[in-house]
Amino acid sequence: MKLQQLRYIWEVNRQGLNVSEAANALFTSQPGVSKQIRALEDELGVQIFERRGKQLVAVTSAGQRILEASGDVLSRIQNIKSMADELRDESKGSLSIATTHTQCRYVLPEVIKTFRARYPNVSLHLHQGTPLQIAQAAADGTADIAIATEALELFEELTMLPCYRWNRAVIVPKAHPLASVKRLTLKKLSEYPLVTYNFGFTGRSKLDEAFKREALTANVVFTAADADVIKTYVRLELGVGIVARMAVDEKQDSDLVALDAAHLFEPSVTKIAFRRGSHLRGYMAGFIEMFAPHIKAATFQRQVSENTQQEIEAHYADVSLPDL
């Protein structure tokens, strides 16, 4: 059994059983990948992938267990490499962050500015995606760190740390009837067409739950993943916008009226996540502390290595999270 073979089966599975895409990602040839997978199956005496002709169509039950074990092996090897890199030079390396547009646009700029000043020799890579894509990237090691509000809890292999609470604002043009309302109600909002996030993005589930509790129907006429897109269509008077409060910029959005909606919806919590058992280099821990100062870099590595996710959540339940 070769380490290379484990990388091949792991990448083929990650690429949705597309051997060509796996070969491209591994900078090798498709026939070479297929040959090594066959050789591994012959050596182990079990079939990892089901086939239809030459095409891989599914992972066998035995293959699933082998893939899980392979993931653990590859993760441990990556940890050894990270430790070696850190011992050589802690100030150099790269940091890959998977997150949403809202984080990239409204929360991360100042954090990244500070990070770059402290770690000028670390290259940063931001990957935007859906919450599910973000969580998957951290779970399979494509990204070092994931930052999101939704979907992280779907992956048992992730360790999650709460960063901050946030709520929503209702945005309308200055001439809109709601602009002069002193205190919004869900009933009043239900009388207007709404423009907000796609389901599964930026706490959208909290919005739907709030209307459901009041036995009201939210007349959502347009959705998008991007708060800036939502604001564009509010300006076109397509509907009343509901966005994360942090996404309202007083200067750039001076033509809109932002109404507080914190009393209408349950607050959401944005979390930072990484693969359980992974070694976070010093600058990675430093980034986490810059993003969420209550998570102290000096102690949280030991916390996450010694405690379960439930114990971590219990610990941070007593921590007063900042509000954005």
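Rounded to the nearest 500, the helix-only mean residue ellipticity at 222 nm of the chain stands at -12500 deg cm²/dmol, with each DSSP H run of n ≥ 4 adding -39,500 (n - 2.57). Here the simple spin-label model places points 7 Å from the Cα toward Cβ, and for Thr232 and Val73 these points are separated by 4.8 nm. The accessible area of Trp10, taken with all protein chains in place and a 1.4 Å probe, comes to roughly 60 Å².
Within segment 1-134, antiparallel bridges make up roughly 35 percent of the DSSP beta bridges whose residues both belong there. Sorting Glu237, Glu50, Glu150 on solvent-accessible area from highest to lowest, probe radius 1.4 Å, gives Glu237, Glu50, Glu150. Below 13 angstrom from the Cβ of Asn219, what's the summed charge of the other residues (Lys, Arg +1; Asp, Glu -1)? Here the count lands on 0. Length gained on full extension, Leu3 to Asn24: 5.7 nm, using 0.36 nm per residue less the C-alpha separation. By the rule of a C-alpha distance below 23 Å, with chain neighbours fewer than 8 residues away ignored, the lysines paired with Lys296 are Lys92, Lys113, Lys271.
Between the residues His127, Ala143, Gly63, the greatest Cα displacement towards the positive end of the dipole of segment 11-166, with unit charges on the Cβ of Lys, Arg, Asp and Glu, is found for His127. Qualifying trypsin sites (Lys or Arg not before Pro) in segment 170-220, where qualification requires a DSSP coil assignment and no more than 10 other C-beta atoms within 10 Å, comprise Lys174, Lys182, Arg183.
Counting only pairs 8 or more places apart or on different chains, how many lysine pairs in segment 133-218 have C-alpha atoms closer than 22 Å? Lysine pair count for segment 133-218: 7. Residues whose amide H comes within less than 5 Å of that of Tyr164, counting only those at least five positions distant or on another chain, are Thr270 (H built at 1.01 Å from N in the peptide plane). For segment 97-145, the Kirkwood radius over C-alpha pairs fed into Stokes-Einstein at 25 °C and 0.890 mPa s yields D = 215 µm² per second.
Of all lysines in the structure, those lying under 18 Å Cα to Cα from Lys2, and not within fewer than 8 positions of it along the same chain, are Lys35, Lys81.
Membrane-span-like helices in the chain, defined purely by DSSP H runs whose alpha carbon atoms cover 27 Å or more axially and whose average Kyte-Doolittle hydropathy reaches -0.5, are 61-88. Segment Thr130..Ala314, full-extension length gain: 63.5 nm, with 0.36 nm per residue of separation and the alpha-carbon distance subtracted. Using only the alpha-carbon atoms of segment 153-284 as identical scatterers, what base-10 log of I(q)/I(0) does the Debye formula give at q = 0.11, 0.18 Å⁻¹? The Debye formula, applied to the Cα set alone, gives -0.44, -0.96. Here is the P(r) of the chain: all C-alpha pair distances, binned every 10 Å from 0, give 5, 22, 26, 22, 16, 7, 1, 0 in whole percents.
Once amide H atoms are placed 1.01 Å from N in the peptide plane, what residues at a sequence separation of 5 or more from Val220, or on another chain, have their amide H within under 5 Å of its amide H? Placed amide hydrogens put Leu194 under 5 Å from Val220. Once the 1.4 Å probe is applied to the protein heavy atoms, the chain comes out at 51 Å² accessible per residue. Available extension along the chain between Glu110 and Glu266 is 53.5 nm, counting 0.36 nm per residue and deducting the alpha carbon span.
Per-residue counts of other Cβ atoms within 10 Å, averaged by peptide: what ranking do you get for 218-227, 254-263, 96-105, highest first?
96-105, 218-227, 254-263
Between Arg183 and Phe199, the simple label model (points 7 Å from Cα in the Cβ direction) yields a spacing of 3.3 nm. DSSP finds beta bridges in the chain, and of those with both partners inside it, around 60 percent are antiparallel.
The values are calculated or read from the model by the stated rules, or taken from the named source; none is laboratory data. Predicted model only: the values in this text are computed from it and were never measured. Every residue, glycine as well, gets a Cβ built from its backbone with ideal geometry; the counts of neighbours run over all protein chains shown. We work out accessible area using only protein heavy atoms, side chains counted, and drop any ligands, DNA or RNA first. Shrake-Rupley method; radii C 1.70, N 1.55, O 1.52, S 1.80 Å.
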